[in-house]
Amino acid sequence: MKKLMIIIGVFLLLLLLFIAPFIVPSSTKGSGKMVITVSIFPLYDICKHIAKERADVMMLIPFGMDIHTFEPSPKERVALEKSKLFVYSGNVLEPWTKGLAGNNSMDMSRYVTLRKLSDSDHNCSHDEEPHNYDPHYWLDIDNMIIAANEITKKLSALDPFSQSYFEANLQRYTTQLTALKNVYETTLSTCKKDFIIVNHNAFGYLGDAYHFHIASLSGFSTDALPSAQSMKRLIDTIKEHHVNMIFFEPFSSDRLMQTVANESNTSVAILHPLANITRADIAAQKSYDDIMRENLQKLSQALECE
């Protein structure tokens, strides 16, 4: 009888070891880690650097998609509800988040320093619904530091046992961001020109921080269609300020900017607003720091910095 009990015990233990990998709590992914979902790439970069292997960080908006055209499916909305934390940027940038609230959501526009829009900002596109702040807050490196600190506080509240781990990662990340800010300040303090031309009005935070002016073909929406008058006005601005390089963005067609370039005898390059990145960028493991440094090289060239 004793041998039989031992055999049954061993059998039950082996059975438990076999089925254990398939038993996953409903509130987590298969890894058993807490799930953090974010809307845009800069928030993804922060969470990946702070949480590292302690969480599964997911981008809700697919890599390679223009964030301005995204609308979550019912399945994606259900996934949000199952996430331990959802970090997003507010309903100006992401109108589909309007009315979204709850203990598992975090609107980053409520924490960072937002840039108020001027009349010239609004005049970039007369077809858009007006709002009173520029939603591209992550292009201010100080805002990235603020966001990283706030996300670290939230993660520490969700997982108190990992607080010291998150805070150590935060220190390394903010050191990296501070170094990035310093190289921007050093490089862009030696420029001969102070004017850039872009297709999409996303770079106001950089212009304010490093004292250069911006003219754009469209306003805050990448799919806004400019008039012939707007294109002529931009070409006149290029000639007036002796601009030699103009910029367009990933996820938008360069057709109109190529037309402007041909009419004004300028070159065209990509300047990245970083709201989202391509699958190729992810495969290459590019970070916020990497792409911001690529942007700096192009800005330095366009502004003729020493």
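General observations
- Taking a ≥ b ≥ c as the square roots of the eigenvalues of the Cα gyration tensor, an a/c ratio of 1.5 or more together with a/b no larger than b/c marks segment 34-183 as oblate.
- Global form of segment 128-190, assessed from the alpha-carbon gyration tensor, a/c cut-off 1.5: oblate
- For segment 191-302, the alpha-carbon coordinates run over 40, 31, 22 Å along the three principal axes, in decreasing order.
Any read-out appearing in this document is the output of simple, stated calculations on the displayed coordinates, not a laboratory observation. What you are looking at is a predicted structure, and each value in this text was computed from that prediction instead of being measured.
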